[in-house]
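Have a look at the structure below before the remarks.
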Amino acid sequence: MFNFLKSNKKYVPLDKELRKYFENNFLWLMQEFPDPKIEERKILRPTTEDFPIQWNKSQENAFEALDIICGNMQIVPDMIALDFYDNGIKEINMGTSVIFMESDPDSLEAAGRYHHEKVNGKHLISLDQALLEKPDDLIATIAHELSHVKLLGEEKIDQNDEMLTDFTTVFFGLGIFNANTAFQFYNQTDRWGYSNFGYLKIDEWAYALALFAFVRHEDEPGWKQYLGKTIKKDFEKCLGYMIDNEEEIFKFDEEKE
């Protein structure tokens with residue numbers, strides 16, 4: 001019996017322009033940050049082994065997480081100044097329910113901020129105090145801001161590129177956290193809403209993570225178990241595509257129509 005609902009269309013993740021954006025930038029990151037080798041880079045996971053922190057919603061937790069992430073990103077912790085501000089959550093009353101929406105990362109009220117000017121010779125990053133309530137989001141935000149340090153602070157680029165900054169978290173082994181926090185939905189008895197962190201979309205995170213695994217020759221990386229359900233599914237599809245179409249990855253020549 002024919003299955004008319006089954007599509008014969010070949011799965012292709014993202015469009016060609018976006019795929020080449022990530023692939024080109026991955027090669028660039030390997031060139032700019034050659035040590036340690038990509039196969040030897042440690043991937044931080046949401047485990048007590050990687051983050052042996054007694055989480056108690058304190059600012060001390062943020063400094064402990066900062067030290068660990070700095071170690072993974074080859075940054076001297078003493079070169080980072082960290083402070084906090086109160087951003088808050090926006091509440092919208094819908095009559096029968098209440099939506100709580102966190103700030104748009106494109107706005108000035110982002111969960112984290114990297115300050116281009118140094119303070120007492122240190123790179124200054126600021127964090128929303130509310131992040132102390134959510135360790136995974138805290139880690140993701142610190143990773144993003146420290147990626148600014150690696151790119152802008154170390155003068156690898158002269159103009160900010162937020163997509164590249166998010167992608168850099170993957171390169172330095174923090175992709176699990178930043179991909180998982182990209183979109184979170186919650187539904188409680190009296191309220192619902194979502195939090196949206198970062199500048200990449202879910203399918204873009206999936207491709208970035210898959211590219212990381214592909215370059216490391218990881219067909220079945222153990223760390224994928226820590227990915228959220230949606231991102232994990234897309235990640236597996238992207239990695240499968242790369243393995244099946246290896247000759248297309250990092251190919252930048254114009255293809256014939």
Sparse-neighbourhood loop hits (trypsin sites (Lys or Arg not before Pro), segment 211-251; DSSP loop; Cβ within 10 Å at most 13 others) -> 251
Rounded to whole angstrom, the alpha-carbon centroid of segment 13-49 lies from that of segment 218-255 at a distance of 12 Å
Filtered hits (lysines, Cα-Cα < 18 Å from residue 232, offset >= 8 within chain) -> 201, 224
The local net charge around residue 220, scoring Lys/Arg +1 and Asp/Glu -1 for residues other than residue 220 whose Cβ lies under 13 Å from its Cβ, equals 0
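Every number in this text was worked out from the coordinates using simple rules, so none of it is lab data. Because the structure is predicted, anything quoted here is derived from the model rather than measured. No Cβ is skipped: glycine too gets one built from the backbone with ideal geometry, and neighbour counts run over all protein chains shown.
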